[in-house]
Protein chains: 4
Amino acid sequence: MIIVLRPDVTERQVDHVLERIAELGLRPHVSRGERRTIIGVIGDEDKLRAEPLSAIEGVEQVLPILKPFKLASREFHKEDSIVQVGKVKIGGGHLAMIAGPCAVEGAEILDTIAKEVKAAGANILRGGAFKPRTSPYSFQGMGEEGLKILRSAGDRHDMPVVTEVMDPRQVDLVNRHADMFQIGARNMQNFDLLREVGQTKKPVLLKRGMSATVKDLLMSAEYILAEGNKQVVLCERGVRSFEDSTRNMFDLSAVPNVKGQSHLPIIADPSHATGRRDLIPAMARAAVAAGADGVHVEVHSCPEKALSDGPQALLPKQYASLMNDLRRLAEVVGKTIS
Amino acid sequence: MIIVLRPDVTERQVDHVLERIAELGLRPHVSRGERRTIIGVIGDEDKLRAEPLSAIEGVEQVLPILKPFKLASREFHKEDSIVQVGKVKIGGGHLAMIAGPCAVEGAEILDTIAKEVKAAGANILRGGAFKPRTSPYSFQGMGEEGLKILRSAGDRHDMPVVTEVMDPRQVDLVNRHADMFQIGARNMQNFDLLREVGQTKKPVLLKRGMSATVKDLLMSAEYILAEGNKQVVLCERGVRSFEDSTRNMFDLSAVPNVKGQSHLPIIADPSHATGRRDLIPAMARAAVAAGADGVHVEVHSCPEKALSDGPQALLPKQYASLMNDLRRLAEVVGKTIS
Amino acid sequence: MIIVLRPDVTERQVDHVLERIAELGLRPHVSRGERRTIIGVIGDEDKLRAEPLSAIEGVEQVLPILKPFKLASREFHKEDSIVQVGKVKIGGGHLAMIAGPCAVEGAEILDTIAKEVKAAGANILRGGAFKPRTSPYSFQGMGEEGLKILRSAGDRHDMPVVTEVMDPRQVDLVNRHADMFQIGARNMQNFDLLREVGQTKKPVLLKRGMSATVKDLLMSAEYILAEGNKQVVLCERGVRSFEDSTRNMFDLSAVPNVKGQSHLPIIADPSHATGRRDLIPAMARAAVAAGADGVHVEVHSCPEKALSDGPQALLPKQYASLMNDLRRLAEVVGKTIS
Amino acid sequence: MIIVLRPDVTERQVDHVLERIAELGLRPHVSRGERRTIIGVIGDEDKLRAEPLSAIEGVEQVLPILKPFKLASREFHKEDSIVQVGKVKIGGGHLAMIAGPCAVEGAEILDTIAKEVKAAGANILRGGAFKPRTSPYSFQGMGEEGLKILRSAGDRHDMPVVTEVMDPRQVDLVNRHADMFQIGARNMQNFDLLREVGQTKKPVLLKRGMSATVKDLLMSAEYILAEGNKQVVLCERGVRSFEDSTRNMFDLSAVPNVKGQSHLPIIADPSHATGRRDLIPAMARAAVAAGADGVHVEVHSCPEKALSDGPQALLPKQYASLMNDLRRLAEVVGKTIS
């Protein structure tokens, strides 16, 4: 931690800062320059982080040196983590191909879609039973019935299933039916929910919040890891921006950025990131080329009748064509789709 | 609703769109221009909203005409709503002056702060017992004990109290101790939580999410209103932006913007919006001048020992000086502080 | 300057960094912590700024300590600067009230508007003769003829005039006709243009770029100051954001933020910042309350026939009413309108 | 164009809008719904665009139906344009591999770099002689001497050269020495400069502004095309965002987004987009997979001594390794590097 003092700091203020550091059992190093005095602090940076040193009179800025996450950090865990969802591996060279409709809408339609995405090469089935919707008047999901339909479709087509959980009170229920929890973008900093899924043993797909930095995303993963659940897969799904021709801005550089800092797998979701069916295939290809550990795509056999997010779903035949491209790209980057 | 068709749309596709509209019991008006055909649809726009018309082949874009919120809309409720928190009125010319520490840290310190802000003219006491923190290793709040301390300080100094609720499972507990729920920025789209506070009769302070548009904020208010709780006060507290010298970007124009569209009161929080003590007084003055129904300011008698957000807290004497300015400004804009 | 080394840095890499610092004639201080080694460098930070130290192997990050601007900095010039435009003072308690149409469209209409804004209390007349337009097919301004019309209207109504200059080749021409140059948001980093106006003796109104930080704005002012022209007035006019109901996001906190760091005056432009006539009065009031040194408002006597930006212009009677409010607010904050 | 009227619009206001439309020689279609009256206007949308209809009393919003660009639009030019720079083709399946240092710093160092990138497979050499720098105290480029060095290095290694032009007064000079103009992000809306390069016959590399939407980028291309120069190549280079661990946010979805709307080639610049050497290779691969018509990468043989942007330059051996990957990816997506 580096503490930069104001040009007009008094000696009394300097002494006061030094006392506060000493109280924490840390060692300060003072450097006096022509225009600023700075204090470097050596020792447990976490102790300092909790202290509002920048609130002290005479302090201009406080610059942290260490990253605030630990369990998620590659600094303490060099090798890529591999997360196992049913028989499917994610990370360490294994690509997750997650596909399915935005929402579970009925047994028959889900069965059709599951069959098609399985045939195309998807290895995990998705479908929402609890849907976070901007409007209270929109379809909110089928709830428990939706979970059962999803489970049954997954079993029939031999795919593990992932579905969103929005409320800590739903965690037990979802845990009984699904192979992987999804935490949606809107809940990335719903800390009670993170703790709750952290107390299960089940893999968690943690989506980046709409205005979360990469560091924020890793801090949210840290919440889950700190509860003892090591099975976390991150997901880049676009962030809010001024660009008005796409639903979100797909920050694909988050993939190599996360990989440099963390051992956790990270996949990409071009469906939510772009919100436009015409852009999904190109961006799914880009995601694999950028090193993502998988791709999450919405597929619907009749998007114009989808109860949620139809315009961003691929048709099954488009998905099959995309999967052909992704297999070739996976080969080029040295990855496999199990 | 206006449906714009692609330049290469086929007659069959046009017919298909018209059939879908007819199925919903709505009336289409087709206009054929030189370069585009457009279809205006008259009738209940909500029916169409639920339909993914833009997923139909041949459709270029779908433009909604009506706003998606109703209960929050000024179109259906012309007069300003007044929300009552204990004896304090918010809206319709009455200003809420909410002040207190970021977190409840102990009975004694809170008592000191409460006494000072009351003397300065604050009319509602704030203090967090459940704290949403980016890091799992930061202080997470005193929980139920904090609620009791807050209640007791409010009673002693005759101020209603507001405190954050983060988890639907905490709603009953917080309801027993506080006069107003606060929904924090991170939970603005925690829809289960919104529904839960919507089922109480207690006022709700709903803070704008870090990447929420004004429309999103009003849609979240709609969730609470739709459950039957009409006592909603909105709060502008800054949004995420590229500017790196302030914690957030204070979108103060949201105040008159909301007032044009909605009858709900809206207050401003310059503490979280700027994250900098030196900027709070100027922005609190600006908020009152812009027409806000109140100002939410963090005050701490020893910011450098605050367990949370010390750097953005005013000292009690700074708050007292600010309140002097705000009283004069309130007069200029024709408002009163009860 | 603080140089943070990677956890796996080698001794050879550390030595290499130290050599580079020594080559620049600066003194390094090395602190070895448990998890990181850091090097503090004392001396002329500008020398280091020019060096790509973060490109050296083994360096994790480089943290500057000092601000990169000097002439614009309050650190070296404590008192508020006062800029004089004709007889009008800006800064140091003097408010500029700049008003007029977006574009000069003709002598008669400008004369009408000038008369009305003068009567309402405006002290500087604005009007564009060269217009930066997103589309090549939009009205691009009247050019030299527009400058003459503006000059003449200013003279007739005894107001100095400000107008935009977009191209270094126009600087001489605009210099002959106007009392103040305006550099528009799109040209805030048109460095050749900044240098060119910096070589005149005429005041410059420098508008913040649509994605410029406050630091970027001050660095652009530094370009002008470094050429010898000290007469710079900054202008906050909104930045790009995800909010889609206003043209830009009005970052009003830039006003006290700049005032803390710089001695230069800063005014606010709620017309461009919001792009909505209904929001301008509230935000103009907020600007004065926040401490701005003036307000820039577009006024047009027939906005629906304006050749540019009609929807964001106030009617003369609305402007007169606003000026009444601003005079009362100026009094509260201890400022005068000359 | 669709004009939506306010719920409280009067008949007189409706008539006034209809008169204005009739004055323009256009045909209005009025549809009266339960909650809003809307007017569809058929005919030349450009006429309406110039009219500030939204400034008329009673008008709630004006929704354009057609895109505001024409010459850049795929609607009027179905096939991909191919731009020729020296012997190198860009677009229509041909990939531009542009490489070189940020700035020209001297003949010897540029020769070394040119030789290495040529050997690795680059087909166009870049290097800045005029540098837009945030600070007036940073290295501003070698000017004309730099242009000569660049020309000579290009000739020696048989590569066409591209270099930035910042000022309309430099266009002739740069035209004499370079094979392609670069318009940098800061000048994307320097309209006088766009017109000036539009009047030459030389290819232009137009970089997206830091806060420009995809539509803004295409409108700026329209400025060049409208002057008669059809040789425009677009470049995605990242936009400003809240993410603070990368220099910009790389909006790679702009590549397929532009390709859907425009026939112009678009390349990607992962160096400026990320500002981090460690992220460049992954994002360059992603760009080719997303369908970009080329990749622009900064390469320097000694980044730590680069006078500009060293930290975002690849070493020559890193570039060679990247080019191996890009060749394999080009094959997968059916493109060739000439």
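The values are calculated or read from the model by the stated rules, or taken from the named source; none is laboratory data. On a predicted model such as this, the values are computed, not experimentally measured, just so you know. Here the Cβ positions follow ideal geometry from the backbone for every residue, glycine too, while neighbour counts run over all protein chains shown.
Some points to look at:
- Checking A:D155 against (1) out of contact with any Ser or Thr (no Cβ under 9 Å at 6 or more places or on another chain); (2) in contact (Cβ under 8 Å) with a residue 40 or more places away in the chain; (3) more than 14 Å from chain B (Cβ to nearest Cβ), the condition it does not meet: (2)
- Flag if B:K215 is modelled with pLDDT of 95 or more, closer than 30 Å to D:M249 by Cβ and buried (at least 24 other Cβ atoms within 10 Å of the Cβ): no
- Residue check for D:H94: crowded, with 18+ Cβ neighbours inside 10 Å and either under 19 Å from D:L264 (Cβ atoms) or modelled with pLDDT of 95 or more (or both): yes
- Scanning the range C:104-116 for residues that are touching a residue at least 24 places away in the same chain (Cβ under 8 Å) and out of contact with any Phe, Trp or Tyr (no Cβ under 9 Å at 6 or more places or on another chain) gives C:V104, C:G106, C:A107, C:I109, C:L110, C:D111, C:T112, C:I113, C:A114, C:K115.
- Look at the range D:89-103: where a residue is closer than 22 Å to D:H300 by Cα and a partner is part of a strand (DSSP E or B) and of a type in the set (S, T, N, Q), sitting 6+ places away or on another chain with Cβ atoms under 8 Å, you get D:L95/D:T336.
- Test: B:S321 is among the polar types (S, T, N, Q) and within 14 Å of chain A (Cβ to nearest Cβ): no
- Checked against (1) within 11 Å of the chain's Cα centre (by Cα); (2) closer than 18 Å to C:D269 by Cβ, C:M219 passes all but condition (2).
- Contact map, the range C:178-189: first residue away from chain D (no Cβ under 14 Å), second residue of a type in the set (V, I, T) and assigned to a helix (DSSP H, G or I), Cβ cut-off under 8 Å, separation 6 or more or different chains; pairs are C:F181/C:V171; C:F181/C:V174; C:F181/C:V197.
- So B:Q312, is it more than 23 Å from the chain's Cα centre (by Cα) and either within 15 Å of B:G100 (Cβ to Cβ) or within 12 Å of chain A (Cβ to nearest Cβ) (or both): no
- From D:R195, D:R169, D:R208, residue being surrounded by 24 or more Cβ atoms within 10 Å (Cβ to Cβ) and either of a type outside the set (D, E) or under 24 Å from C:Q140 (Cβ atoms) (or both): D:R208
- Of all residues in the range A:259-275, exactly one satisfies the criterion of being surrounded by 24 or more Cβ atoms within 10 Å (Cβ to Cβ) and more than 17 Å from A:L206 (Cα to Cα), namely A:T274.
- When B:L5 is tested against (1) of a type outside the set (D, E, K, R); (2) modelled with pLDDT of 90 or more; (3) surrounded by fewer than 16 Cβ atoms within 10 Å (Cβ to Cβ), just one condition goes unmet, and that condition is (3).
- The single condition among (1) surrounded by fewer than 24 Cβ atoms within 10 Å (Cβ to Cβ); (2) of a type in the set (V, I, T); (3) more than 12 Å from chain A (Cβ to nearest Cβ) that B:V233 does not meet is (1).
- Hits in the range C:213-228 - residues which are facing chain D (nearest Cβ under 8 Å) and farther than 9 Å from D:P136 by Cα: C:D216
- Residue satisfying condition, being under 19 Å from the mean Cα position of the chain (by Cα) and at pLDDT 95 or above, within set D:V104, D:V83, D:V117: D:V83
- Residue within the range B:38-46 that is within 14 Å of chain A (Cβ to nearest Cβ) and not in a loop (DSSP other than H, G, I, E, B) present: yes
- Number of residues in the range D:158-177 that are out of contact with any strand residue (DSSP E or B) (no Cβ under 6 Å at 6 or more places or on another chain) and within 12 Å of chain C (Cβ to nearest Cβ) equals 6.
- Hey, B:F76 within 23 Å of B:D293 (Cβ to Cβ), buried (at least 21 other Cβ atoms within 10 Å of the Cβ) and at pLDDT below 95 or not: no
- Failed condition for C:D278, given (1) surrounded by fewer than 24 Cβ atoms within 10 Å (Cβ to Cβ); (2) more than 8 Å from chain B (Cβ to nearest Cβ): (2)
- Pair list, Cβ < 8 Å and 6+ apart or interchain, from the range C:214-234 residues that are free of Cβ contacts under 8 Å to residues at least 24 places away in the same chain and under 17 Å from C:M180 (Cα atoms) to residues that are in a helix (DSSP H, G or I) and of a type outside the set (F, W, Y): none
- Candidate set: the range B:125-140, residues that are touching a residue at least 60 places away in the same chain (Cβ under 8 Å) and not basic (K, R); chosen: the one nearest to A:A226 (Cα to Cα): B:S138
- Taking the numbered list (1) within 11 Å of chain A (Cβ to nearest Cβ); (2) under 18 Å from the mean Cα position of the chain (by Cα); (3) outside any loop (DSSP other than H, G, I, E, B) in turn, B:P68 passes all entries but (3).
- Per the conditions (1) surrounded by fewer than 24 Cβ atoms within 10 Å (Cβ to Cβ); (2) of a type in the set (A, V, I, L, M, F, W, C); (3) within 11 Å of chain A (Cβ to nearest Cβ), the sole criterion not satisfied by B:I337 is (3).
- Some residue of the range D:50-64 being away from chain C (no Cβ under 14 Å), under 21 Å from B:P7 (Cα atoms) and part of a loop (DSSP other than H, G, I, E, B): no
- Taking the range A:282-297 as the range and being at the interface with chain D (Cβ under 8 Å from one of its Cβ atoms) and either on the phi > 0 side of the Ramachandran plot or over 15 Å from the mean Cα position of the chain (by Cα) (or both) as the test, the residues that pass are A:A282, A:M283, A:R285, A:A286, A:V288, A:A289, A:A290, A:G291.
- Top-ranked residue in the range B:119-137 [being over 25 Å from B:E196 (Cβ atoms) and within 14 Å of chain A (Cβ to nearest Cβ); ranked as surrounded by the most Cβ atoms within 10 Å (Cβ to Cβ)]: B:S135
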